[in-house]
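One structure is given here, and the rest of the page talks about it.
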Amino acid sequence: MLGGTYTYRKPRLRPKGVSYPGARLSSRMSAAIWTVLGVWAVTVLGMRFYLGAKIDALESRMDAGFARVEARLDAVDARGWTP
């Protein structure tokens, strides 16, 4: 070994990133996770209701516009215009 020293490494019994049996999250970590999940859930529900209201408003505006166009076309048909 070219002048270096060799240290013995104990082999790992489980893959890296796997916790030991009985491992628990700290109460702070658990509280943080539940807080994030709560904020996320409220955000998703709020976006759903907000976008639903926007889509309903758009639908009513489109219906009103289509009604105006139909009224104009009916007026043209009533004059008896032919190409």
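The values are calculated or read from the model by the stated rules, or taken from the named source; none is laboratory data. The structure displayed is predicted, hence computed values, not measured ones. Reconstructed Cβ throughout: ideal geometry from the backbone, glycine too, with neighbour counts over all protein chains shown.
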Problem - Matching residues in the stretch 44-83 - criterion: being modelled with pLDDT under 90 and of a type in the set (Val, Ile, Thr) - result: Val76, Thr82
Exercise for the section: With respect to Ala41, determine if the residue is modelled with pLDDT under 90, surrounded by 10 or more Cβ atoms within 10 Å (Cβ to Cβ), among the hydrophobic types (A, V, I, L, M, F, W, C) and part of a helix (DSSP H, G or I). Expected result: no
